[in-house]
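The structure appears right after this line, and notes come after that.
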Amino acid sequence: MTPAPFAIRSPATGAEFAACYALRYQILREPLGQPPGSERDPLDAGAYHLMAVTPAGEVIGAGRLHLAGPGTGQIRFMAVAPAWRGRGVGRAILSGLEARAREWGLASLALNARDPAVDFYLAAGFHVAGEGPTMFGTL
């Protein structure tokens, strides 16, 4: 039997969280010239985190869900390593975050998506509610 190419689970150790943050930085902040640390925020501590990890232990995807208000959750920091895009990693993480939102009894989910990711979220059943905030003066 061939092992699955990746598993979805919550990071359990400091090293796993560090690997998730490193991927978030590499994919989401470094290309924008942002400093290390900008891939984190104060909501990380109370949020639900998922990662995609290969059998060799390489973190290839990450995502986070946090409470954004009564009955509402927000998905943030979705990142997939370039070599793994288009292989179901992002969808698996998103599905896991949606499942947790249902467990929490949330009525709605919100997220901000970069233009190249909009079609991914539309295909997952999200809809465009309007323009998102501008981040870092360009995004």
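Here the calculated FRET efficiency for ASP119 and THR13, from their Cβ-Cβ distance with R0 = 41 Å, stands at 0.75, rounded to the nearest 0.05.
So what's the net charge close to ALA79: Lys and Arg +1, Asp and Glu -1, counting the other residues with Cβ under 15 Å from its Cβ?
After counting each charged neighbour, the total is +3.
Averaging Cα coordinates gives a centre for region 66-88 and one for region 17-49; these two points are 12 Å apart.
How charged is the neighbourhood of LEU65? Take every other residue with its Cβ under 9 Å from the Cβ of LEU65, and add Lys/Arg as +1 and Asp/Glu as -1.
+2
Which longest uninterrupted range of the chain lacks any GluC sites (Glu not before Pro) assigned by DSSP to a loop state (not H, G, I, E or B) and surrounded by at most 16 other Cβ atoms within 10 Å? So the longest stretch without any such site is 59-130.
If DNA, RNA and ligands are ignored and the probe is 1.4 Å, what is the ranking of HIS127, HIS49 by accessible area, most exposed first?
HIS127, HIS49
VAL128 contributes about 100 Å² of solvent-accessible surface, heavy atoms of the protein only, 1.4 Å probe. For Rg and Dmax of the Cα atoms in Å, several values are listed as (i) 18.5, 52; (ii) 14.7, 49; (iii) 13.9, 41; flag the one computed from this structure. So the structure-derived entry is (ii). Within the accessible surface of the chain, defined with a 1.4 Å probe on protein heavy atoms only, the carbon and sulfur portion equals 57 percent. For GLY61, the residues whose modelled amide H falls within less than 5 Å of its own, excluding neighbours fewer than 5 places apart on the same chain, are ALA52, ALA81.
The values are calculated or read from the model by the stated rules, or taken from the named source; none is laboratory data. Predicted model only: the values in this text are computed from it and were never measured. Positions of Cβ are generated from backbone atoms using ideal geometry, with glycine treated the same way; all protein chains shown enter the neighbour counts. With ligands, DNA and RNA removed, areas are computed over all heavy atoms of the protein, side chains included. Shrake-Rupley method; radii C 1.70, N 1.55, O 1.52, S 1.80 Å.
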